[in-house]
1. Scanning region 70-79 for residues that are within 16 Å of the ligand (Cβ to nearest atom) and either closer than 9 Å to GLY146 by Cα or at pLDDT below 95 (or both), which turns out surrounded by the fewest Cβ atoms within 10 Å (Cβ to Cβ)?
2. Looking at region 262-280, can you tell me whether even one residue there is buried (at least 18 other Cβ atoms within 10 Å of the Cβ), part of a helix (DSSP H, G or I) and within 12 Å of the ligand (Cβ to nearest atom)?
3. Answer with yes or no whether TRP239 is near the ligand (Cβ under 10 Å from one of its atoms) and either in contact with a Lys or Arg (Cβ under 6 Å, 6 or more places away or on another chain) or not in a strand (DSSP E or B) (or both).
4. Find all pairs meeting these conditions: Cβ atoms under 7 angstrom apart; at least six residues apart or on different chains; first residue within region 7-24 and touching a residue at least 12 places away in the same chain (Cβ under 8 Å) and among the aliphatic types (A, V, I, L, M); second residue surrounded by 21 or more Cβ atoms within 10 Å (Cβ to Cβ) and not in a loop (DSSP other than H, G, I, E, B).
5. Listed residues ALA222, ALA218; which is within 11 Å of the ligand (Cβ to nearest atom), within 15 Å of ILE40 (Cα to Cα) and touching a strand residue (DSSP E or B) at 6+ places or on another chain (Cβ under 8 Å)?
6. Let me spell it out: the conditions are (1) in contact with a helix residue (DSSP H, G or I) (Cβ under 6 Å, 6 or more places away or on another chain); (2) over 21 Å from TRP290 (Cα atoms), and GLY357 meets all of them except one. Which number is the exception?
7. With respect to THR212, is the statement that it is under 24 Å from PRO66 (Cβ atoms) and free of Cβ contacts under 8 Å to residues at least 12 places away in the same chain true?
8. Is it the case, given these coordinates, that ASP343 is within 14 Å of the ligand (Cβ to nearest atom) and among the acidic types (Asp, Glu)?
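The values are calculated or read from the model by the stated rules, or taken from the named source; none is laboratory data. Quantities reported herein were computed from a predicted structural model and do not represent experimental measurements. Glycine gets a Cβ as well: all are built from the backbone with ideal geometry, and neighbour counts include every protein chain shown.
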Amino acid sequence: MDKFESNPLCQELGCEYPIFGFSHSEAVVAAVSNAGGVGIWGATRSTPEEIRDGLRRIRKQVGERPFGVDLVLPKGMPATDDRAAMEAQIPDEHRAFINGLREKYDVPDDGQTGMRSRFVRSEDMAELQLREILNSDVDVFAMGVGSPEAAITRAKQRGKRVVALVGTPVHAQRAIDAGAELIVAQGYDAGAHTGDIGTFSLVPQVVDAAGTVPVIAAGGVATGRHIAASLALGAVGVWMGTAWLFSEEEAVHPVIFEKLQAAGSGDTMRSRADSGKTLRQIRTSWTAEWEADGAPTPLRMPLQDIVVGDFLGAVDRAEVQELMHTPAGQSVAYFNERTTVADIMRDLVAQTREALG
Ligand SMILES: Cc1cc2nc3c(=O)[nH]c(=O)nc-3n(C[C@H](O)[C@H](O)[C@H](O)COP(=O)(O)O)c2cc1C
């Protein structure tokens with residue numbers, strides 16, 4: 001019980017429970033922190049101005065309670081946000097494939113960008129995003145992919161608690177060497193970008209490799225039993241993403257909510273079709289099309305973002321039901337009803353107490 005209720009990490013951060021809740025929704029982030037956890041806002045697709053304003057709005061909602069922000073900072077991104085340079089690299093095969101899908105599913109070409117193509121992921125953009133984070137009063141800075149030493153050093157200098165998400169013990173070691181103060185060991189079960197090693201195999205290995213650096217478990221955490229198990233594996237807390245898709249605050253589109261409701265653990269899969277890196281999501285016609293014979297192999301990040309970005313934006317705007325999808329992890333099986341973040345947190349806390357006896 002001590003590991004949960006009198007958690008040293010929480011004493012340091014000022015949270016009540018070592019439950020980190022990742023979401024792209026400001027409302028979810030604020031609600032997780034207000035319910036005693038630590039909300040983490042996924043801002044990698046937000047412009048620097050949006051990051052500045054979003055962080056201010058969340059702070060207003062949570063007061064002194066801790067919250068964090070997450071960027072994806074992979075190596076090898078282009079220097080600048082140059083859409084034309086990206087376009088020039090897209091093979092005809094990929095263009096033809098997307099055009100074929102457009103015709104087959106009657107997706108309008110509305111001339112707008114989508115979430116993945118509103119800007120090209122680049123070194124320049126990452127720097128501007130990071131600056132807004134460093135200039136803000138956010139408590140925690142997390143990196144979902146990559147752990148560049150310069151970013152870690154600067155964030156620590158500004159008093160941020162720096163977190164790196166990793167999927168292998170080797171990456172954990174690299175992140176620690178680069179100065180990360182908290183490691184999220186995220187297993188194969190997790191929603192969105194995720195690696196090859198299952199949570200149960202990964203967490204103890206990362207705990208052993210991390211020495212005195214605290215480790216948080218992610219991937220498949222849905223109940224208090226999972227939280228108790230994570231603590232038993234040596235983690236000091238948990239990091240959850242899929243659960244909040246069922247919250248009123250997240251307010252996912254009703255079509256997507258129905259797909260989530262219907263999904264069991266076997267109804268998610270990893271695909272490189274969205275971003276170029278393996279991303280766990282619910283199975284839909286979108287994943288089936290990219291798996292079908294004759295489909296092209298997805299390109300690397302960030303080219304694949306540009307291959308699919310405008311198209312997926314149009315899919316959502318025109319509500320093309322078969323192709324609408326979301327990242328989600330195998331824990332999707334544990335959730336069914338639309339409920340509030342506070343209710344999810346209350347259940348998790350009660351179940352963890354029970355599981356820990
Ligand atoms: C809809 C959704 C979007 C996500 N987007 C990101 C992201 O932009 N950056 C990131 O670091 N992690 C992202 N994640 C992963 C979460 O941070 C978290 O590690 C993961 O969801 C934990 O596993 P779980 O899905 O089994 O709870 C996302 C997860 C979901 C479900």
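1. Step one: filter region 70-79 for residues within 16 Å of the ligand (Cβ to nearest atom), giving 70-75, 77.
Pick out the ones that are also either closer than 9 Å to GLY146 by Cα or at pLDDT below 95 (or both) and you get 72-75, 77.
Numbers: VAL72: 23, LEU73: 21, PRO74: 20, LYS75: 8, MET77: 18.
Ranking the qualifying residues of region 70-79, first place goes to LYS75.
2. no
3. On the way: near the ligand (Cβ under 10 Å from one of its atoms): yes; either in contact with a Lys or Arg (Cβ under 6 Å, 6 or more places away or on another chain) or not in a strand (DSSP E or B) (or both): no.
No; evaluated as a whole, the condition is false for this residue.
4. Note: pairs meeting the criteria are LEU9/GLY237; LEU13/VAL38; ILE19/GLY237; ILE19/VAL238; ILE19/MET240; ILE19/MET345; ILE19/LEU348.
5. Details: ALA222 fails: within 15 Å of ILE40 (Cα to Cα).
Just a single option satisfies the conditions, and that option is ALA218.
6. For GLY357, the failing item is (1).
7. On the way: under 24 Å from PRO66 (Cβ atoms): yes; free of Cβ contacts under 8 Å to residues at least 12 places away in the same chain: yes.
Criteria met by THR212.
8. Numbers: within 14 Å of the ligand (Cβ to nearest atom): no; among the acidic types (Asp, Glu): yes.
Taking the combined requirement at face value, the residue does not satisfy it.
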